[in-house]
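Here is the structure we will look at, set down as structure tokens.
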Amino acid sequence: MNKNKTMPAAAHTENSTDTALLDVKDLKTYFLTDAGIVKAVDGVSFTLHEGETLGLVGESGSGKSVTNLSIMRLIPSPPGKIVGGEIVFEGQDILKLPEKELRKIRGNKVSMIFQDPMTSLNPFLKISTQMVETIMLHNKDVSKKEALERSIEMLKLVGIPSAEKRIFSYPHQFSGGMRQRVMIAMALSCNAKVLIADEPTTALDVTIQAQILELIKDLSVKLKTAVIIITHDLGVVAGMCDKVCVMYAGRIVEKADTDDLYASPSHPYTEGLIMSVPRMDVAHKNDRLFSIEGQPPNVIDLPPCCPFHPRCHKDMEVCRHAYPPTVGVGSGHEVSCWLYVDEAQRNLALEKALADEQHAAADAVQTNARKEAAK
């Protein structure tokens, strides 16, 4: 593939002929702080189809969790606010729904598993009370007995032994792995069509992590549930996901099918993430693993350039002055990087960015002069 050749960005992957179950378009979620505007999510777009598993990957602070909290409309306001975009679920824009209608979707058709189940489960209530309440809240015609039977059925489905007895236990009477299984059972108890898993294995040991991930994968196939996995672990992505979106500084810098992304990562940030993971099939001898230098940027009032350029070993002059467009580099493979834009377009973008910077500087000088004259 010639890196300097721009291709039209593909709209969808192999499911492009199907209507997306979830379609996120140009989502922007900002936080208004005393220090400035934090653009936690700034123009994120992706689609999710029935039974598909999508991975959102990136360092801490890249905007992964805020993206999915926005989908659930759980952004604390103030200081947070969804300032733009669309979140279309089954043909309805979630952002335009009144709270009453949103409750029919949130926790019912779209559910979420959080990082630490102990902070999500009420320590003062038995598991039975919490699960039955969830089912009855979203299914008004279900009796308490039927809700309890459904709860026990779901606990059995996620592999909790003696479910008929354990359902009457309190959260602290379960291990960390079992509590996470309870959370998965609760999330799927209303036949959710989309399951959002926000780093569901962070607080678990390695053996239990594998069991939980395998459970989510099996349930996704069995129940045809679409899954969004939020993680910084590329090993999880490789074994779980059909598609991957790599996030950096509130934006998606690369998206592709999982196999394609690992076979030919295009963005320097994606390359760095993959190269920094130990591999069993490669003899490293005494070589040190690759490390991405520097720290993620402060997303308060980011300049209109590529935010990764201070850490990038392939950066060019244009990277320091203009944000790159999203271009296609293969079927369903998109990347936001100037490496994949031809030289003529790069030069034009650089000239425009430099001219804009000069105009902005001149305006600032005039504004300061007026302020001084007014004193």
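The values are calculated or read from the model by the stated rules, or taken from the named source; none is laboratory data. Quick caveat, the model's predicted, so the values are computed rather than measured. All Cβ positions, even for glycine, are placed from backbone atoms using ideal geometry, and neighbour counts span all protein chains on display. Keep in mind that these areas ignore ligands, DNA and RNA; they rest on the heavy atoms of the full protein, side chains included. Shrake-Rupley method; radii C 1.70, N 1.55, O 1.52, S 1.80 Å.
Considering only residues that are touching a residue at least 60 places away in the same chain (Cβ under 8 Å), crowded, with 17+ Cβ neighbours inside 10 Å and more than 18 Å from MET154 (Cα to Cα), which ones fall in the range 201-225? Answer for the range 201-225, where residues must be touching a residue at least 60 places away in the same chain (Cβ under 8 Å), crowded, with 17+ Cβ neighbours inside 10 Å and more than 18 Å from MET154 (Cα to Cα): just ALA203.
Contact map, the range 141-166: first residue on the phi > 0 side of the Ramachandran plot, second residue open to solvent by less than 40 Å² (accessible area, probe 1.4 Å) and of a type in the set (A, V, I, L, M, F, W, C), Cβ cut-off under 9 Å, separation 6 or more or different chains; pairs are GLY159/LEU215. Of everything in the range 43-60, what is assigned to a strand (DSSP E or B) and either out of contact with any Leu (no Cβ under 8 Å at 6 or more places or on another chain) or free of Cβ contacts under 8 Å to residues at least 60 places away in the same chain (or both)? Give them in sequence order. Selection gives THR47, THR53, GLY55, LEU56. Residues in the range 344-375 that are at pLDDT 85 or above and either under 13 Å from VAL318 (Cβ atoms) or among the acidic types (Asp, Glu) (or both): 12 in all. Which count do you get for residues in the range 26-51 that are within 20 Å of CYS241 (Cβ to Cβ), surrounded by fewer than 23 Cβ atoms within 10 Å (Cβ to Cβ) and not β-branched (Val, Ile, Thr)? The number of residues fulfilling the criteria is 5. Residues in the range 64-87 that are open to solvent by 10 Å² or more (accessible area, probe 1.4 Å) and small (Gly, Ala, Ser): SER65, SER77, GLY84, GLY85.
Results for (1) assigned to a loop (DSSP other than H, G, I, E, B); (2) open to solvent by 40 Å² or more (accessible area, probe 1.4 Å); (3) over 22 Å from VAL237 (Cβ atoms); (4) not aliphatic (A, V, I, L, M), shown as yes or no for each residue.
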residue: HIS172; (1), (2), (3), (4): no, yes, yes, yes
residue: GLY177; (1), (2), (3), (4): no, no, no, yes
residue: GLN180; (1), (2), (3), (4): no, no, no, yes
residue: MET183; (1), (2), (3), (4): no, no, no, no
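For the range 80-96, the count of residues that are of a type in the set (Lys, Arg) and assigned to a loop (DSSP other than H, G, I, E, B) is zero. What number of residues within the range 211-232 satisfy the criterion of being more than 18 Å from ILE274 (Cα to Cα) and either more than 17 Å from the chain's Cα centre (by Cα) or outside any strand (DSSP E or B) (or both)? Qualifying residue count, the range 211-232: 15.
Screening GLU271 with (1) under 24 Å from CYS312 (Cβ atoms); (2) over 21 Å from the mean Cα position of the chain (by Cα); (3) not aromatic (Phe, Trp, Tyr) gives one miss only, at (2). If the condition is being of a type in the set (A, V, I, L, M), at pLDDT below 90 and open to solvent by 50 Å² or more (accessible area, probe 1.4 Å), then the range 88-131 contributes only MET118. Within the range 114-150, the set of residues being among the polar types (S, T, N, Q) and within 28 Å of the chain's Cα centre (by Cα) comprises GLN115, THR119, SER120, ASN122, GLN130, THR134. Of the listed requirements (1) modelled with pLDDT under 90; (2) of a type outside the set (Asp, Glu); (3) open to solvent by less than 70 Å² (accessible area, probe 1.4 Å); (4) over 29 Å from THR231 (Cβ atoms), LEU148 misses just one: (1).
Condition check: of a type in the set (Val, Ile, Thr), in contact with a Ser or Thr (Cβ under 8 Å, 6 or more places away or on another chain) and outside any loop (DSSP other than H, G, I, E, B). Does VAL24 satisfy that? Judged against the criteria, VAL24 is a match. Looking at this structure, is VAL158 hydrophobic (A, V, I, L, M, F, W, C), within 31 Å of the chain's Cα centre (by Cα) and within 20 Å of LEU219 (Cβ to Cβ)? Yes: the conditions hold for VAL158.
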